[in-house]
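Quick notes on the structure that follows.
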Amino acid sequence: QVHLAESGGGLVQPGGSLRLSCVASGFTFSTAIMRWYRQAPGKEREWVAHITSAGATNYVDSVKGRFTISRDNAKNTVYLQMNSLKPEDTAVYYCNKVMYGINYWGQGTQVTVSS
């Protein structure tokens, strides 16, 4: 079965950095498009970034130039490097994969940006 496990969240000051990790299992990771989403309290879950099997990436406009998604196929892991963090980045961050039209999610990891 598909399993996604995020880690790396925490409390950071504005302007700080965090690196999130998502370890995946239950599917062929190297050929999969992987995505990061986030959800703040009272708001809809929003797409943040994705990376293709070939390494092509894209980001929501609000994080462009600050966040970097990457993958290590040997470790079945996708990363989200988050720099220059802002209070509005505060959310639970989720790793995502779609298979046969079904969304699979990790448990999420909390990122809090505050002074």
If you build a Gaussian network model of the chain, linking Cα atoms that sit under 10 Å apart, which residue out of Ser84, Ser21, Ser62 swings the most?
Ser62
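Please work out the average accessible area per residue across region 1-106, using the 1.4 Å probe convention, and give it in Å². Intermediate values should be presented prior to the final figure.
On the way: 5500 Å² over 106 residues.
Per residue, region 1-106 has 52 Å² of solvent-accessible surface.
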How far apart, in nm, are two points set 7 Å out from the Cα along the Cα-to-Cβ line at Asn103 and at Ser84?
2.8 nm
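So if I average 1/r over every pair of distinct C-alpha atoms in the chain and take the inverse, what Kirkwood radius in Å does that give?
On the way: mean 1/r = 0.0710 Å⁻¹.
Taking the inverse mean of 1/r over all distinct Cα pairs, the chain comes out at 14.1 Å.
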If you roll a 1.4 angstrom probe over the protein chains with everything in place, what fraction of the accessible area of the chain belongs to carbon and sulfur, to the nearest %?
48 percent
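Enumerate by residue number the chymotrypsin sites (Phe, Trp or Tyr not before Pro) in region 21-115 meeting two conditions: DSSP loop (anything except H, G, I, E, B), and at most 14 other Cβ atoms within 10 Å of the site's Cβ. Don't skip to the end; give the middle numbers.
Details: sites: Phe27, Phe29, Trp36, Tyr37, Trp47, Tyr59, Phe67, Tyr79, Tyr93, Tyr94, Tyr100, Tyr104, Trp105; in loops: Phe27, Tyr100.
Answer by residue number: Tyr100.
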Listed residues Glu88, Glu6, Glu46 arranged by accessible area, highest first, probe 1.4 Å
Glu88, Glu46, Glu6
So which residue, out of Ala24, Ala54, Ala32, gets the largest mean-square fluctuation from a GNM of the chain using Cα contacts under 10 Å as springs?
Ala54
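The values are calculated or read from the model by the stated rules, or taken from the named source; none is laboratory data. Here the structure is a predicted model, which is why all the values come from computation and not from measurement. Positions of Cβ are backbone-derived with ideal geometry, glycine not excepted, and every protein chain shown enters the neighbour counts. The area values use the complete protein model at the heavy-atom level, side chains included, leaving out ligands, DNA and RNA. Shrake-Rupley method; radii C 1.70, N 1.55, O 1.52, S 1.80 Å.
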